[in-house]
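J.: Encoded as structure tokens, here's the structure I'll be asking about.
Just so it is clear, none of the values below were taken in a lab; they were calculated from the coordinates. This one's a predicted model, so the numbers in the text were calculated from it and none came from an experiment. When we count neighbours, we look across all protein chains shown, and the Cβ atoms used for this are built from the backbone with ideal geometry, even at glycine.
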Amino acid sequence: MKVILTDLPMEQIVYIKENCKNLQKSGEIFIVEPKNLNFTQAKDLLIISENSKILSEVVSSDIATIAYQKPGFRSETLLPKVDMIVEGFEEVDEMFLERVYKRHHNIPWTILTTERLLVRELDLADLDALFEMYSYEGMTDYMEGLYPYEQEYAYQKAYIESMYRFFGYGMWLVFEKESGKLVGRAGIEHREELQEEPELGYAIAKPYWGRGYATEVCQAIMNYAKEELEFSSICSLIEPKNRVSIHLVEKLGFLLEKEVEIDGKKYKKYVQKL
């Protein structure tokens, strides 16, 4: 990814360069005069500008774009359909720019890594591995299974568009760093029945049970929920007979709040303050 800054106030350019030192060091940030812009080989570009004419040309060329807009100046109707509108770059870092670029090109975000695991968004190319994971005995004892393949494909495509793009979180995939294999799912959901309170969920594929992966990934997601998403608490709904999951959340410091019933099924609701 190459970041092009064009027709942008100097103070905003300074913020970007200060906050993106790795990109700056590797020579991936360029200040370009509008007259010198060339979009003939632009798939790897992220262009940042406040010039609506430039932004319109960029959008029509299918290039990732961020529009700068002065605080308090509302001109959404004059701006083209850019990927992001930002009122200041004081707190914008390399991860933010990379995620805007990836979202534009439908590249799944890497959410976090732990000592042994990598957590990232689901890509439709992951479906075969996901079906293999769900095929193991016991995987759906306490969670819903997958739809038939074509229906699941359509569901996940819609999920990516709604949850990932709108909320920026959801259920993610968990990969083993060493082997690169899919070992589970984990993430943050919300249910209307709980007034969309964030809910921690996880599932580890049966061949990887007993390795402490659930504890490792759930703890990392709790930290992410606090530090990146700024949630003050997170809950977990567990069926009373699911003793393994009850043991896990208690180990992570969750406290039993109450029992709830959703769609005719009873759950124990555990809550953890973050």
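J.: Please say if the stretch 2-104 is rounded, prolate or oblate, where rounded means a/c under 1.5 for a ≥ b ≥ c the square roots of the C-alpha gyration tensor eigenvalues, and otherwise the choice is prolate for a/b larger than b/c and oblate otherwise?
T.: Numbers: a/c = 1.43, a/b = 1.10, b/c = 1.30.
In terms of gyration-tensor shape, rounded.
J.: Report the local net charge at S49: Lys and Arg +1, Asp and Glu -1, summed over other residues whose C-beta lies under 11 Å from its C-beta.
T.: On the way: positive: K53; negative: D7, E50, E57.
Local net charge: -2.
J.: Kindly write out, for the stretch 62-69 in residue order, the coupling ³J(HN,Hα) from the Karplus curve 6.51 cos²θ - 1.76 cosθ + 1.60 (θ = phi - 60°), rounded to whole Hz, with x marking Gly and Pro.
T.: Result, rounded to whole Hz: 6, 10, 5, 9, 10, 9, 8, 9.
J.: Please list, by residue number, every one of the chymotrypsin sites (Phe, Trp or Tyr not before Pro) in the stretch 222-274 that is coil in DSSP and has at most 12 other beta-carbon atoms within 10 Å. All intermediate terms of the calculation are to be shown ahead of the outcome.
T.: Working: sites: Y224, F231, F254, Y267, Y270; in loops: F231, F254.
Answer by residue number: there is no such site.
J.: Shape call for the stretch 110-273 from the C-alpha gyration tensor, a ≥ b ≥ c root eigenvalues: rounded (a/c under 1.5), prolate (a/b greater than b/c) or oblate? Mind showing how you got there, number by number?
T.: Details: a/c = 1.26, a/b = 1.22, b/c = 1.04.
Note, shape of the stretch 110-273 comes out rounded.
J.: Can you tell me the 0 to 90 degree angle between the C-alpha axis of helix 149-159 and the longest principal axis of the chain, rounded to 10?
T.: So the helix axis and the longest Cα principal axis differ by about 60 degrees.
J.: Among all the lysines, which ones have a C-alpha under 24 Å from K265's C-alpha, if same-chain residues fewer than 8 places away are not counted?
T.: Within the straight-line limit of under 24 Å, K265 reaches these lysines: K241.
J.: For the chain, what is the mean residue ellipticity at 222 nm derived from helices alone (per DSSP H run of n ≥ 4: -39500 (n - 2.57); sum divided by total residues; nearest 500 deg cm²/dmol)? Don't skip to the end; give the middle numbers.
T.: Details: 8 runs with 78 residues, N = 274.
Result for the chain, helices only: -8500 deg cm²/dmol.
J.: List, in the order given, every pair from K157/K177; K81/K226; K2/K25 whose Cα-Cα distance in the structure shown is over 21 Å.
T.: Values: K157/K177 25 Å; K81/K226 31 Å; K2/K25 12 Å.
In this structure, K157/K177; K81/K226 lie more than 21 Å apart at Cα.
J.: May I ask which residue of I238, Q219, G170 lies farthest towards the positive end of the charge dipole of the chain, with charges of +1 (Lys, Arg) and -1 (Asp, Glu) on Cβ and the Cα centre as origin?
T.: Q219
J.: Select one label from [x] 6, 25, 29, 21, 15, 5, 0; [y] 6, 21, 26, 23, 15, 6, 2, 1, 0; [z] 6, 26, 29, 24, 13, 2, 0: the one whose number is P(r) over Cα pairs in 10 Å bins from 0, in percent as derived from the coordinates shown.
T.: [x]
J.: To continue, here is another question. Using only Cα atoms, find the angle between the long axis of helix 10-19 and the longest principal axis of the chain, and express it within 0 to 90 degrees, rounded to the nearest 10.
T.: The two axes meet at around 40 degrees.
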